[in-house]
Amino acid sequence: MSTAPTTAPVSAPTSATRSVLVVGGGAAGNAVTILLRRAGIAVDLIEAADDWNATAGSGITLQGNALRVLRELGVWEQVRASGYGFDAVGITAPDGTVLHVAEDVRTGGDDLPATVGMQRPRLQSILIDAVRASGARIRLGTRAESLDQDGNGNGNGNGNGNHDRDRDGVTVRFTDGTVGRYDLVVAADGLGSATRSAIGITDKPEPTGMAIWRVAAPRPAGVTRTDLAYGGPAYIAGYCPTSDSTLYAYVVEACRDRAAIPRESYADEMRGLAAAYGGCWPEITEHITDPAKVNYTWFDRMLVEGSWHRGRVVLVGDAAHCCPPTLAQGAALSLEDAWVLARMLTSADVWDDALLQAYYERRIARVRPVVEASVRIGQWQLDGDRDADVPGLMGRTMSALRELP
Ligand SMILES: Cc1cc2nc3c(=O)[nH]c(=O)nc-3n(C[C@H](O)[C@H](O)[C@H](O)COP(=O)(O)OP(=O)(O)OC[C@H]3O[C@@H](n4cnc5c(N)ncnc54)[C@H](O)[C@@H]3O)c2cc1C
């Protein structure tokens, strides 16, 4: 993507209606779209994939603070009905012996479960329906090719005093050759955000040294919460119920050279690790047979510091921060970003540099401790630090999230 100027004709926003382009239709982009549309803002959403729900993956653990935002989006009842709610996490030995059951912190408040496990494609389809119903203009299989900011693009307007700084905006040329003009661009294009680099933010995700094997499987009757086995051939073997009939299971180990693992061996690789675990694992392991249904991913970390915007382009979600899912907070923080940004935009008279910087200040204070704790917990495992106070750090970090973002 370039930031070259464009000469093609553009459609100007009316003075009454503000317009926003949302780049990326994951959790963050969908959430911000729904909330901005509710306030009557004109939203175009572009999604690079032709099939919006193609890469949605196996399962997701939604903590209370994610559920709180989903309730704000108006989809909580559907999430509750489709997912599997629970309030505790079990710690087991590799043979399945339950060592400890801890009550989970209800980060979304006492009127929501601590946790809901969900099939990712189901969550995504609920959000897609809500985006479609919001009246946003949606274009799939489309990317932004260039972003041309008014002024110098550094958030200070063009400095010549000849235009209304509040209406600084961005002219966007799309890959289908069309051009649009927006008051604001929200970059919700995830971890590898092309928009982030197009506006000159050079941060990139870095591997943490860990990787995860994941699969969806039928739920054995005995699985009624997340159980985590520490030790054995992997750092962690865990599972989370995602509906009455399903769960997702995962095994975390040290990163390996992805290119050296043949795709057709994925089921064998995961089953080989999972076979060392007892309890409900044998029932799960017998379903790890299809390599196409097994996912292998490295854990990454990134935290953009200083500001999350340049001019009138602002980052949300994984485009701004990502961390290993040791606290299962990535999507929760992304949903919170969307909620906070939408609230600030819809309650401000002026969309300017100060507003977008205030958004960053509000979010970084909440996001930084979660990213740091998530990374630290993974690092303790990599270092084999047996004295590390994992429950203490988890408890402190999660308790702080009970506060409204
Ligand atoms: C292994 C693993 C397990 C995880 N487990 C959990 C968990 O249990 N709980 C939890 O809360 N979080 C979890 N996370 C984190 C969570 O998945 C992410 O934080 C969340 O998906 C981020 O949402 P997002 O909308 O910012 O980005 P994404 O979900 O990545 O969405 C980005 C969207 O933008 C689109 N896109 C990309 N580039 C472009 C472009 N140039 N133009 C237009 N569209 C584009 C993509 O196709 C995609 O649809 C996990 C992450 C990993 C890696």
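Some notes on this structure:
- Screening the candidates P207, P220 for the property of being outside any loop (DSSP other than H, G, I, E, B) and either modelled with pLDDT of 95 or more or crowded, with 22+ Cβ neighbours inside 10 Å (or both) yields one hit, P207.
- Counting only helices (runs of 4 or more DSSP H) that sit wholly inside the range 317-405, those with at least 2 residues that are surrounded by 23 or more Cβ atoms within 10 Å (Cβ to Cβ) are 330-347, 353-383.
- Residue within the range 327-347 that is near the ligand (Cβ under 8 Å from one of its atoms), under 15 Å from the mean Cα position of the chain (by Cα) and either assigned by TED's automatic domain parsing to the domain that holds P262 or more than 29 Å from V43 (Cβ to Cβ) (or both) present: no
- Some residue of the range 384-403 being within 13 Å of the ligand (Cβ to nearest atom) and small (G, A, S): no
- Which numbered condition L36 misses (of (1) in the same structural domain as V172 (by TED's automatic domain parsing); (2) modelled with pLDDT under 95): (2)
- Looking only at the range 259-284, and only at residues there that are surrounded by 22 or more Cβ atoms within 10 Å (Cβ to Cβ) and away from the ligand (no atom under 15 Å from the Cβ), the one that is nearest to W213 (Cα to Cα): A274
- Residue selected from the range 235-258 under the condition touching a residue at least 40 places away in the same chain (Cβ under 8 Å) and outside any strand (DSSP E or B), by the criterion surrounded by the fewest Cβ atoms within 10 Å (Cβ to Cβ): D244
- When the range 217-234 is filtered for residues that are over 17 Å from D95 (Cα atoms) and in contact (Cβ under 8 Å) with a residue 12 or more places away in the chain, the ones remaining, listed by number, are A217, P218, R219, T224, R225.
- Selection within the range 304-354 - closer than 30 Å to I236 by Cα and β-branched (V, I, T): V304, V316, T326
- Within the range 188-216, no residue that is in the same structural domain as V252 (by TED's automatic domain parsing) and farther than 30 Å from K293 by Cα sits with its Cβ atom under 8 Å from a residue that is modelled with pLDDT under 95 and part of a strand (DSSP E or B) at 6+ positions apart or across chains.
- Counting the residues of the range 19-47 that are touching a strand residue (DSSP E or B) at 6+ places or on another chain (Cβ under 6 Å), part of a helix (DSSP H, G or I) and either closer than 10 Å to L127 by Cβ or among the hydroxyl-bearing types (S, T, Y) (or both) gives 2.
- Of the strands (runs of 3 or more DSSP E) contained entirely in the range 51-129, not one carries at least 2 residues that are charged (D, E, K, R) and in contact (Cβ under 8 Å) with a residue 24 or more places away in the chain.
- Selection within the range 108-131 - hydroxyl-bearing (S, T, Y) and surrounded by fewer than 22 Cβ atoms within 10 Å (Cβ to Cβ): S125
- Which listed residue is over 27 Å from L355 (Cβ atoms) and within 13 Å of the ligand (Cβ to nearest atom), from D189, D176: D176
- Counted residues, the range 287-332 - those being hydroxyl-bearing (S, T, Y) and within 15 Å of A211 (Cβ to Cβ): 3
The values are calculated or read from the model by the stated rules, or taken from the named source; none is laboratory data. All of these numbers come straight from a predicted model, not from anything done at the bench. We place every Cβ from the backbone using ideal geometry, glycine too, and count neighbours over all the protein chains shown.
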